[in-house]
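Reading through the structure tokens given below for one structure.
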Amino acid sequence: MKKSLLAFAALASITGVASAQSSVTIYGVVDMGLKVENAGSGTFLGLDSGNQSGSRVGFKGTEDLGGGLKANFVLEAGFNADTGANATAGVLFNRMSYVSLAGGFGEVKLGRINTVVYSNAAVFDPFGDTLAGDSARIFNYGGSRTDNTVNYSYAAQNGINGQVAYSFGEVAGDNNANRTVAGAIGYAAGPASVVLTHQNTKNVTGSDASKTTLLGGNYNFGLLQPFVAYAINKGVGTLDTRDALLGLNINLGPNDVIMSSIMHKYDKFADHRDATQVALGYSHSLSKRTNLYTSVARLSNNYNINYKTTRNGAADNLFNLGIRHKF
């Protein structure tokens, strides 16, 4: 009996050590709010999911392999909280789906991963790529995520950080078709953050590419936090545009922030194809997990273009008011 008890205690001890070295976490966001928008063909009024953060359920885990090496994974499924449907029909883990190996050398991820521009949005966008002021309404992100991607990232103790990514086009007989090559280098320490990104995406035939280079950053003075960004877009067909952003956050306290920005897109290839957006937002935290938000934006188009509108020359007027809960 005594031997059995000792064996059981030893087994429990070993199991405890193993479980302490690995973990799996379930997390998510439910974001729901009122949306009022007129994009040139009447006013839409309704509930909308994901105004500030895409509603999602995620699973993430890590295992300590010893010697400073860790294996990680993330599986993240987006959904529309107003209907319960998948955010992307037919795709379960539509947000992120990857496995990685991390250590003193950095981290290597394999799978569906955020693009380098999208992953750095909070550095140059006062709205952090959310709400009515979302910089992606004018800036060219090249999408939010890319499939079939190998991504390497590294962050040094002195604040220097960077990443490189290669997304396979997976077109038989042509390794260039549909593939994306991207990279970023940045600095984040103290009140200052800055990032330079570049992304090159080949078209479906591999004969041309869409290229975006973006430089942006912010400096947190405490109460005031200015943002700036500038991007050059060239490539497929007649693409030759410039994007610019000036923004300002007013940090009223740990729970309250006023966000504002003005963005402009300039088309160098053709006349009267420019667009400008002005936006204002406010967020109030009720707790570490829950906040209330509101924002408003007006995106104006020249008469030969229709960013976010149903017809050329129209303006998009967007307002939202909602609540976001993280778990």
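The values are calculated or read from the model by the stated rules, or taken from the named source; none is laboratory data. Since this is a predicted model, take the numbers as computed values, not measurements. Because the Cβ atoms are built from the backbone with ideal geometry, glycine has one as well, and the counts that use them run over all protein chains shown. The accessibility values were calculated without ligands, DNA or RNA, using every heavy atom of the protein model including side chains. Shrake-Rupley method; radii C 1.70, N 1.55, O 1.52, S 1.80 Å.
What to note about this one:
- Positive-pole candidate from Gly206, Ala192, Leu223, dipole of segment 168-327, charges at beta carbon: Leu223
- Dipole magnitude of the chain, debye to nearest 20 (Cβ charges: Lys/Arg +1, Asp/Glu -1, about Cα centre): 600
- Using θ = phi - 60° in the Karplus curve 6.51 cos²θ - 1.76 cosθ + 1.60, the 3J(HN,Hα) couplings for segment 187-195 round to 9, 9, 7, x, x, 9, 9, 8, 8 Hz; x is entered for Gly and Pro.
- Residue (of Phe79, Leu110, Gly28) at the positive-pole extreme of segment 19-135, dipole from beta-carbon charges: Leu110
- Within the chain, helix-based [θ] at 222 nm, where runs of 4 or more DSSP H residues each add -39,500 (n - 2.57), nearest 500: -2500 deg cm²/dmol
- Hits among lysines - C-alpha to C-alpha of Lys35 under 16 Å, sequence gap 8 or more where chains match: Lys308
- For the chain, the share of alpha carbon pairs falling in successive 10 Å distance bins from zero is 6, 20, 31, 27, 9, 4, 2, 1, 0 percent.
- Peptide packing for 129-138, 233-242, 261-270 was compared via the average number of neighbouring C-beta atoms within 10 Å per residue; ordered from the highest value, the list is 129-138, 261-270, 233-242.
- Other residues within the sphere of radius under 13 Å centred on the Cβ of Ala87, judged by their own Cβ, net out at -1 (K and R +1, D and E -1).
- Environment charge at Tyr266 (Cβ cut-off 10 Å; Lys +1, Arg +1, Asp -1, Glu -1): 0
- Most to least packed among 68-74, 292-298 [average Cβ atoms within 10 Å]: 292-298, 68-74
- P(r), alpha carbons of segment 173-327 - 5 Å bins starting at zero, rounded %: 2, 8, 12, 14, 16, 17, 14, 10, 5, 2, 0, 0
- Share of carbon and sulfur in the accessible heavy-atom surface of segment 111-212 [1.4 Å probe, %]: 53
- Listed by chain and number, the lysines whose C-alpha is less than 20 Å from the C-alpha of Lys202, apart from same-chain residues fewer than 8 away, are Lys211, Lys234.
- For peptides 38-45, 96-103, sequence by mean Cβ density within 10 Å, most packed first: 96-103, 38-45
- Per the Cα gyration tensor, segment 90-146 maps to an equivalent ellipsoid with semi-axes of 24, 16, 9 Å, ordered largest to smallest.
- All other residues whose Cβ lies under 13 angstrom from that of Ile26 are scored, Lys and Arg at +1 and Asp and Glu at -1, for a net of +2.
- Solvent exposure ordering (accessible area, 1.4 Å, most first) of Lys202, Lys288, Lys211: Lys288, Lys211, Lys202
- Segment 62-214: mean projected area of Cα convex hull, nm²: 11.4
- Cross-link reach is defined here as a Cα-Cα straight distance under 16 Å, omitting same-chain residues fewer than 8 places apart; for Lys60 the lysines meeting it are Lys70, Lys109, Lys326.
- Lys, Arg +1 and Asp, Glu -1 on Cβ, resulting dipole of segment 56-176 about Cα centre, debye, nearest 20: 100
- Per residue accessible area of the chain, 1.4 Å probe, in Å²: 51
- Residue order for Asp125, Asp48 - accessible surface, 1.4 angstrom probe, largest first: Asp48, Asp125
- Span from the segment 249-315 Cα centroid across to the segment 62-114 one, whole angstrom: 29
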